[in-house]
2 protein chains.
Amino acid sequence: MAERIHIREVGPRDGLQLVATMLTAEQKIEWCGRARDAGIEEVEVTSFVPPSVVPQFADAGEVARGAVALGGFVAAALVPNLKGAQRAIEAGLSKVNYVLSASEAHNLANVRRTTQQSIDNFKDIIDYRNDLAKDPSKRRVVIAGGIATSFGCTISGDVDETRVLKIAAQYLEIGADELIVADTVGYGNPAQVRRLMSAILREAGSAPVACHFHDTYGLGLANVTAAIDAGVRAFDSAVGGLGGCPFAPGASGNINTEDTIYLVESLGFETGIDIAALLELRRVIESWLPGERFTGTVAKAGLPKTFRRILNDDRQQPRQATT
Amino acid sequence: MAERIHIREVGPRDGLQLVATMLTAEQKIEWCGRARDAGIEEVEVTSFVPPSVVPQFADAGEVARGAVALGGFVAAALVPNLKGAQRAIEAGLSKVNYVLSASEAHNLANVRRTTQQSIDNFKDIIDYRNDLAKDPSKRRVVIAGGIATSFGCTISGDVDETRVLKIAAQYLEIGADELIVADTVGYGNPAQVRRLMSAILREAGSAPVACHFHDTYGLGLANVTAAIDAGVRAFDSAVGGLGGCPFAPGASGNINTEDTIYLVESLGFETGIDIAALLELRRVIESWLPGERFTGTVAKAGLPKTFRRILNDDRQQPRQATT
């Protein structure tokens, strides 16, 4: 059995942050359900930011409740503060992805707090979660610590790797269950990714570490390969590569889910995901978002003749013997 | 000083093979001249195939003579047989890139010969070159041995790595000065590239080895990174990523020269190439080829703030002191 790499769909959150069309809560929940049916284990279903900041997420509570009702996958949400975490947990989510920026300038611009203030705020979230966990009837909520602009920042340029490592250490000390290391603006390159992720994995010990890459400058899949080399086994991506950067018009957004699966399975790992079902989901989303730029080569070029879609082949077998 | 990686422009050959618009010889020569002015050391300027096969190259002799007259860079041409090599050398080229397919089926379809017959034909080219070299007034022509479909074939699927290695060994034994290992249909993945290129570099010893990747399935730059890891220091690419595959409509073609330079320099190597001058060349080619699909993120998104264009910075310095 090949080793598993976990591909987590972040399209309903990061993919929608900048699109002009407002999707309905029903559509976002359908996105989650179809992703689950394709074999995706975890979806970042929405963001609990103030609706005044990102109107697309005014329906965050409704989407979260709908996703939880679907069941069969881990429904997570992005939160920038304690209030967001409380709303996410009240909606029934079992996972909360907190985010701060390693770049001080980016963090100030994003949430009007210093990075250290955001780290202190994370402690409040962990305390809140731990208080809730005292009630044995309640499921323990998993809290991930996300580090945005880990590979560079459009405002301040370089981001010191020791600073990213220090934040990772603080997150773990405070009680983060998982780390998400994000290349928010696509500045990372494979040498940098291999170096930083090796160091973070050493720091993290047994705690899971995921990477969140953007393909802004075309290095998304090269960076995934480098992170895999370093030992990372979980990646965020968006169907159709949605989620362009406001600072690079026309540029690519998140790494593309379909293409990432193709890469990862080509390298000999398994994802448990049915690419054909994902391409069907992509077509549905394309019909919802006319005029948006979708990326990815699998959708255009298909798959090489040499690519073995082991899972799909398995699924084509009858599930029960028909004797 | 950073280590050099050699980026060779193959756009005037591989980039034009499938485009509908016929460029004039003058335009192709301008392409070469602008590439040279941007700092590119080597250009595959044309292909000496029968004009009945690829009408775009009916002007091969004229383009080759024009490129040689420009000077200041290595002008090479692709040749499929002895006759092509003779025409290339008669036109004054100092480098000939012979090509055969590791896939028997692909070689038969392409040049109606078995791979072994193509290897025998290569010997004729080396003999021809060696005869010419007996005249001390003539410059020794460099002959590269290209191996197409080294990472898979649209007709026969998998291509045995031991077969590719054996061809590499035969090429070197016959007298090839250089090897070009080509992923003609974009089937390669980083694990495969690292494995095969490591083995080929061991086989090649001190002979230069270049990789020729296509981005058909989006893994082009991940494969460049893997090849660099293995020790490869020369890559073929085309400005604007021209050169789509006839078997994958809408798919990407050659790896994109601008993006490849960005990747390679991000990894800490130097190329000696001015990306801004290349982007200007791209705009010129776009004006010549309306309706063709150009790829690449540097042209769309620019370059990260953190990217240091050392060479351009150097060039911005006055060349002479103005005291």
Can you tell me which of (1) under 30 Å from B:I155 (Cα atoms); (2) crowded, with 19+ Cβ neighbours inside 10 Å is the one B:D124 doesn't meet? (2)
Quick one: how many residues across the stretch A:280-297 are more than 14 Å from every other protein chain (Cβ to nearest Cβ) and either β-branched (V, I, T) or surrounded by fewer than 20 Cβ atoms within 10 Å (Cβ to Cβ) (or both)? 11
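Could you identify the single residue in B:A227, B:A182 that is within 16 Å of B:S101 (Cβ to Cβ) and of a type in the set (A, V, I, L, M, F, W, C)?
Values: B:A227 fails: within 16 Å of B:S101 (Cβ to Cβ).
Step by step, each of B:A227, B:A182 is checked, and only B:A182 is within 16 Å of B:S101 (Cβ to Cβ) and of a type in the set (A, V, I, L, M, F, W, C).
Looking only at the stretch A:166-188, which residues are out of contact with any Leu (no Cβ under 8 Å at 6 or more places or on another chain) and either hydroxyl-bearing (S, T, Y) or in a helix (DSSP H, G or I) (or both)?
Across the stretch A:166-188, the qualifying residues are A:K166, A:A169, A:Q170, A:E173, A:I174, A:T184, A:Y187.
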When you go through (1) farther than 22 Å from B:V53 by Cα; (2) touching a Gly at 6+ places or on another chain (Cβ under 9 Å); (3) away from chain A (no Cβ under 14 Å); (4) not polar (S, T, N, Q) one by one for B:L100, which number turns out not to apply? (1)
Six or more apart or on different chains, Cβ atoms under 9 Å: show the pairs whose first residue is in the stretch A:76-101 and on the phi < 0 side of the Ramachandran plot and charged (D, E, K, R) and whose second is surrounded by fewer than 24 Cβ atoms within 10 Å (Cβ to Cβ) and part of a helix (DSSP H, G or I). A:R87/A:G61; A:E90/A:G61
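Name the helices (runs of 4 or more DSSP H) wholly within the stretch A:1-104 that hold at least 3 residues that are over 24 Å from A:I261 (Cα atoms) and of a type in the set (A, V, I, L, M, F, W, C)?
Numbers: elements: A:25-37, A:60-70, A:82-90.
Once the helices (runs of 4 or more DSSP H) in the stretch A:1-104 are filtered for at least 3 residues that are over 24 Å from A:I261 (Cα atoms) and of a type in the set (A, V, I, L, M, F, W, C), what remains is A:60-70, A:82-90.
Give me the residue from the stretch A:154-183 that is of a type in the set (D, E, K, R) and under 19 Å from the mean Cα position of the chain (by Cα) and, out of that set, farthest from the other protein chains (Cβ to nearest Cβ). Please lay out each step first, then the result.
If we filter the stretch A:154-183 for residues that are of a type in the set (D, E, K, R), which is where we start, we get A:158, A:160-161, A:163, A:166, A:173, A:177-178, A:183.
Keeping just the survivors that are under 19 Å from the mean Cα position of the chain (by Cα) gives A:177-178, A:183.
Details: A:D177: 30, A:E178: 25, A:D183: 10 Å.
Per the criteria, the residue is A:D177.
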In this structure, is A:P249 more than 9 Å from every other protein chain (Cβ to nearest Cβ), at pLDDT below 90 and more than 21 Å from A:A35 (Cβ to Cβ)? no
When you go through B:P208, B:P190 one by one, which is the residue that is surrounded by fewer than 20 Cβ atoms within 10 Å (Cβ to Cβ) and either over 25 Å from A:N223 (Cα atoms) or not polar (S, T, N, Q) (or both)? B:P208
May I ask you to list the residues in the stretch A:216-236 that are in contact with a strand residue (DSSP E or B) (Cβ under 7 Å, 6 or more places away or on another chain) and within 14 Å of chain B (Cβ to nearest Cβ)? A:G220, A:N223, A:V224, A:A227, A:F235
Tell me, please, whether a residue that is at pLDDT 95 or above, within 20 Å of B:A207 (Cα to Cα), in a helix (DSSP H, G or I) and among the aliphatic types (A, V, I, L, M) can be found in the stretch B:109-124. yes
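Report yes if some residue within the stretch A:188-202 is within 14 Å of another protein chain (Cβ to nearest Cβ), modelled with pLDDT under 95 and under 27 Å from B:T260 (Cβ atoms); otherwise report no.
Narrowing the stretch A:188-202 to residues within 14 Å of another protein chain (Cβ to nearest Cβ): A:188-196.
Narrowing the set further to residues that are modelled with pLDDT under 95 leaves none.
No, the stretch A:188-202 has no match at all.
The values are calculated or read from the model by the stated rules, or taken from the named source; none is laboratory data. None of the values given here were measured: they were computed from a predicted structure. Cβ coordinates were reconstructed from backbone atoms using ideal geometry, including for glycine residues, and neighbour counts include every protein chain displayed.
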